[in-house]
1. Looking at this structure, is ALA228 in the same structural domain as CYS262 (by TED's automatic domain parsing), outside any loop (DSSP other than H, G, I, E, B) and touching a helix residue (DSSP H, G or I) at 6+ places or on another chain (Cβ under 9 Å)?
2. Being closer than 21 Å to ASP147 by Cα, touching a helix residue (DSSP H, G or I) at 6+ places or on another chain (Cβ under 7 Å) and assigned to a helix (DSSP H, G or I) narrows it down to one of ALA39, ALA64, ALA110, so name that one.
3. Only residues that are assigned to a helix (DSSP H, G or I) and either free of Cβ contacts under 8 Å to residues at least 24 places away in the same chain or surrounded by fewer than 17 Cβ atoms within 10 Å (Cβ to Cβ) (or both): list them for region 132-145, please.
4. Which residues, taken from region 164-184, are touching a residue at least 24 places away in the same chain (Cβ under 8 Å) and in a helix (DSSP H, G or I)?
5. Within region 182-212, restricting attention to residues that are among the polar types (S, T, N, Q) and modelled with pLDDT under 85, which residue is nearest to ARG128 (Cα to Cα)?
6. Take the residues in region 231-281 that are in contact with a helix residue (DSSP H, G or I) (Cβ under 6 Å, 6 or more places away or on another chain) and among the small types (Gly, Ala, Ser), then tell me which one is farthest from LYS207 (Cα to Cα).
7. Looking at ALA168, is it closer than 30 Å to ALA38 by Cα, surrounded by fewer than 17 Cβ atoms within 10 Å (Cβ to Cβ) and modelled with pLDDT of 85 or more?
8. With the checklist (1) touching a residue at least 24 places away in the same chain (Cβ under 8 Å); (2) exposed (fewer than 15 other Cβ atoms within 10 Å of the Cβ); (3) among the hydrophobic types (A, V, I, L, M, F, W, C) in hand, flag the one item ALA86 doesn't pass.
Amino acid sequence: MVLKIVGLALVWSGCASFLLVSTTDPRGLLRRAGSAYAAGLDTDFRAMFMPERGGEIAWMQVVAVVACIACHAIVRVDAVLGVALAAAIVPRAIVTAHVRKRRAKVDAQAHGFALALANTLKTTANVRDALRLTADVSQKPLRDEIDTALREIRVGSTAEEALLAASARARSPALDVVVSAVLIGQKTGGDLPRILEGTSSSLRELKRLEELTDRVTKSAKQSLMVAAALTAGLAIMLPRVVPGFFDPFIATTSGRVVASQCVLAYVVALFLGWRFTRKSI
């Protein structure tokens, strides 16, 4: 008993020493991982024009996870470990979901932005003035990107640099296409309003096809989930309805081989179904 207590004390002291060194040393493993995690959160917050709170969220997650682990050591309730896992995963998932939602909104607004910019450029040849007039008729979140680009132009950046920065910040494929069209039209000296009108038409058609693909793949995913749930439900309910149904698959070597092959085929089918129902546009 004494040796067990001493062993546990040594293990806990070693873990505590590792955590202390890793969190206090700037080159420590946990310190670097935590800094990278907080920096990723701050990048997402900057992209959404929100205050940078990556460090605060990371520390709150650490405190929550450590508290849950300490509570589990006392009360021995497995649900506490589930709370710890949720505290470690959910905040990042929520931020990522907001970023994706914002990116989808920018994608949806890009073709309208291209058409409005084309119409504005018919009355003014200055891209800066066209952006300023277009911002007045644009909605958030794309309007935030345009306003930020205009502020960067006012403090000395060129229109090209500001548009490239907005494209990198939004991380929107549709906005990338519009910015590329503007920059290429400026460099080549082509009819920029006509180029943007064509770009807007192409993006609108691509958006329509993407929505159609979303509907088709959503239906296919629902069918896949129903089939997977029915198969798993049958595997769970058959032994209850017919006792001993799976005994030949458990008691014999050949039965275990066949059962393993069936499980492997089920997992491979789910993976292939998930791959095939991903969007292709």
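1. Values: in the same structural domain as CYS262 (by TED's automatic domain parsing): yes; outside any loop (DSSP other than H, G, I, E, B): yes; touching a helix residue (DSSP H, G or I) at 6+ places or on another chain (Cβ under 9 Å): yes.
Yes, satisfied.
2. On the way: ALA39 fails: closer than 21 Å to ASP147 by Cα; ALA64 fails: closer than 21 Å to ASP147 by Cα.
Going through ALA39, ALA64, ALA110 in turn, just one is closer than 21 Å to ASP147 by Cα, touching a helix residue (DSSP H, G or I) at 6+ places or on another chain (Cβ under 7 Å) and assigned to a helix (DSSP H, G or I): ALA110.
3. Going through region 132-145, the residues assigned to a helix (DSSP H, G or I) turn out to be 132-137, 142-145.
Answer for region 132-145, where residues must be assigned to a helix (DSSP H, G or I) and either free of Cβ contacts under 8 Å to residues at least 24 places away in the same chain or surrounded by fewer than 17 Cβ atoms within 10 Å (Cβ to Cβ) (or both): ARG132, LEU133, THR134, ALA135, ASP136, VAL137, ARG143.
4. ARG169, ALA170, PRO173, ALA174, LEU175, VAL177, VAL178, ALA181, VAL182
5. Within region 182-212, the subset among the polar types (S, T, N, Q) is 186, 188, 199-202.
Checking the rest, the ones that are also modelled with pLDDT under 85 come to 186, 188.
Details: GLN186: 13, THR188: 18 Å.
Filtering first and then ranking leaves GLN186.
6. Among residues in region 231-281 that are in contact with a helix residue (DSSP H, G or I) (Cβ under 6 Å, 6 or more places away or on another chain) and among the small types (Gly, Ala, Ser), the one farthest from LYS207 (Cα to Cα) is GLY255.
7. Numbers: closer than 30 Å to ALA38 by Cα: yes; surrounded by fewer than 17 Cβ atoms within 10 Å (Cβ to Cβ): yes; modelled with pLDDT of 85 or more: yes.
Considered against the rule, which asks whether it is closer than 30 Å to ALA38 by Cα, surrounded by fewer than 17 Cβ atoms within 10 Å (Cβ to Cβ) and modelled with pLDDT of 85 or more, ALA168 comes out as yes.
8. The one condition ALA86 does not meet is (1).
The values are calculated or read from the model by the stated rules, or taken from the named source; none is laboratory data. Values in this document were obtained by computation on a predicted structure and should not be read as measured data. Reconstructed Cβ throughout: ideal geometry from the backbone, glycine too, with neighbour counts over all protein chains shown.
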